[in-house]
Amino acid sequence: MKYTVKYFKDNLPEWKRKKDSTLTRLFYRPISFVLASISANLGISANTVSYFSAFIAIAAGIMFLFRPRVCHIIGAILMIFWVILDCVDGNLARCVKKQPFGEFADSMSSYFLVGFMGAAMGIAAYFEGGILFKAGNPWIILIGALASSSDTMMRLVYQKYNNTARKLADQGIIERESDFRIDGEQKDTLMTVIDREFGLGIIPEIVLIAAIFKALDIAVIYCFLYFGASFVLSTLIYVRKSIKAAKEYEEKQ
């Protein structure tokens, strides 16, 4: 079978179209259709693309550890390339063939990107200086580390809640929750709009502009505010849901 760009475009699920940010729909997704077509016709699998994107994520972080500003610009460009690859592996998995551990490979790649990104940019801003922080100010390193760790903690909270909820549902203690991420009828909320429009779909562009104009401290602060707020809000949501479910179970006894 010959995989064309049109094939991937026509087979993108409606729920995924809704989840894509404006920038992704206009820029990343069209490019990903081309790369997905090339990859599929060459026999390159979705997992292979995911694992390759993990190396791109590491390379992007490493580039911020070098002093020349051009390295920081290259790091930002690699981040943009990572977002494109993140779309490519999804296209392949949905439209060509899903593979075992596909979710693991895809998630690992994003963990690497955000896990290295904040701290690495913080170190770059420490040596280079920026708009709000002068060179040598250690606080920017801490802010960068907190940005990365906030995303990691948010994912851990979600995974632990999801695993616990699944076990309790299997035991009949609570009702099984539907996966809102693939619900074609899902409606936009303030949180989903913020996550879609101000998350990883736009952060690489912010970092690129900041790297060009010697303002990486602003990019670090943006990541800290975004990932920090996401961590706090998601934690409150899952704690609230767990308390509500536990209360409902006790009332039935």
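Just a few scattered comments:
- Positive-end residue of Pro204, Ser107, Cys87, charge dipole of the chain with Cβ unit charges: Cys87
- The chain: relative contact order as a whole-number percent, Cα under 8 Å and 6+ apart: 23
- For the chain, adding -39500 (n - 2.57) for each run of n ≥ 4 DSSP H residues and dividing by the number of residues yields -25000 deg cm²/dmol at 222 nm.
- Dipole magnitude of the chain, debye to nearest 20 (Cβ charges: Lys/Arg +1, Asp/Glu -1, about Cα centre): 280
- Its residue count N sets the reference 2.2 N^0.38 Å, and the alpha-carbon radius of gyration of the chain equals 1.10 times that reference.
- Residue-wise HN-Hα couplings along region 25-37, as the Karplus relation 6.51 cos²θ - 1.76 cosθ + 1.60 with θ = phi - 60° gives them from phi, are 5, 7, 10, 5, 5, x, 5, 5, 4, 5, 5, 5, 4 Hz; Gly and Pro carry x.
- Along the axis of the charge dipole computed for the chain (Cβ charges of +1 for Lys and Arg, -1 for Asp and Glu, origin at the Cα centre), the listed residues Ala120, Asn47, Tyr249 are led at the positive end by Asn47.
- In order along region 67-80, phi translates into HN-Hα couplings of 6, x, 4, 4, 5, 5, 5, 4, x, 5, 5, 5, 5, 5 Hz, rounded to whole numbers, per the Karplus curve 6.51 cos²θ - 1.76 cosθ + 1.60 with θ = phi - 60° and x for Gly and Pro.
- For trypsin sites (Lys or Arg not before Pro), no site in region 9-56 is both called loop by DSSP and has at most 12 other Cβ atoms within 10 Å.
- Think of each Lys and Arg Cβ as +1 and each Asp and Glu Cβ as -1; about the Cα centre, that makes the dipole of region 1-125 roughly 340 debye.
- Most to least packed among 142-150, 241-249 [average Cβ atoms within 10 Å]: 142-150, 241-249
- Each of Asp89, Asp195 has some number of other Cβ atoms within 10 Å of its Cβ, and from fewest to most they run Asp195, Asp89.
- Excluding same-chain neighbours fewer than eight residues apart, the lysines reachable from Lys244 by a Cα-Cα span under 19 Å are Lys160, Lys167, Lys252.
- Translational diffusion of region 80-127, µm² s⁻¹ [Kirkwood Rh, Cα pairs; Stokes-Einstein; 4 °C; 1.567 mPa s]: 106
- Qualifying trypsin sites (Lys or Arg not before Pro) in region 44-115, where qualification requires a DSSP coil assignment and no more than 13 other C-beta atoms within 10 Å, comprise Lys97, Lys98.
Every number here is computed from the coordinates shown, using simple stated rules; none is lab data. No experiment lies behind these values; they were computed from the predicted model shown. Here the Cβ is made from the backbone with ideal geometry for all residues, glycine too, and neighbour counts use every protein chain on show.
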